[in-house]
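The values are calculated or read from the model by the stated rules, or taken from the named source; none is laboratory data. What you see is a predicted model, and the numbers here were worked out from it, not measured in a lab. Note that each Cβ is placed from the backbone with ideal geometry, even for glycine, and that neighbours are counted across all protein chains shown.
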Amino acid sequence: MIAAVGSRIDRWHVATLPGPRLPPATHCRLVSRGRRGRTGDRAFPDVATAYRLRSIDCDEADRIVVFGSFLTVAAAVAARR
């Protein structure tokens, strides 16, 4: 997934979900490695925090793309409210 869309996304805010998953910092390293040296990626402890901070830092013309599992998207939708 990272290889397919990584070059089209300026900055990634990487988060994890509760339960037995890789920590966000590990996800972020994997994303950055897949993006071949592009910078600006950040790790967050949860999807809501990542979404809120990304929303604050956006311009009107920017797009926020949320993907992963249904749980990831649901957490972002809940944070938007």
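Within segment 56-79, being part of a helix (DSSP H, G or I) and within 22 Å of residue 1 (Cβ to Cβ) holds for 70, 71, 72, 73, 74, 75, 76, 77, 79.
On the basis of being outside any loop (DSSP other than H, G, I, E, B), surrounded by 11 or more Cβ atoms within 10 Å (Cβ to Cβ), at pLDDT below 85 and on the phi < 0 side of the Ramachandran plot, does residue 49 make the cut? No: the conditions fail for residue 49. Considering segment 52-81, the residues that are under 13 Å from residue 15 (Cβ atoms) and among the hydroxyl-bearing types (Ser, Thr, Tyr) include one that is modelled with the lowest pLDDT, namely 69. The residue pairs whose first member lies in segment 3-17 and is within 19 Å of residue 72 (Cα to Cα), whose second member is at pLDDT 80 or above and part of a loop (DSSP other than H, G, I, E, B), and whose beta carbons are closer than 6 Å, counting only pairs six or more residues apart or on different chains, are 15/46.
Under 6 Å by Cβ, and 6 or more places apart or on different chains, what pairs join a residue from segment 54-81 that is in contact (Cβ under 8 Å) with a residue 12 or more places away in the chain with one that is of a type outside the set (Val, Ile, Thr) and not in a loop (DSSP other than H, G, I, E, B)? Sorted first by the residue in segment 54-81, then by its partner, the pairs are 54/13; 64/54; 66/76; 75/48; 76/51; 79/48; 79/51; 79/52.
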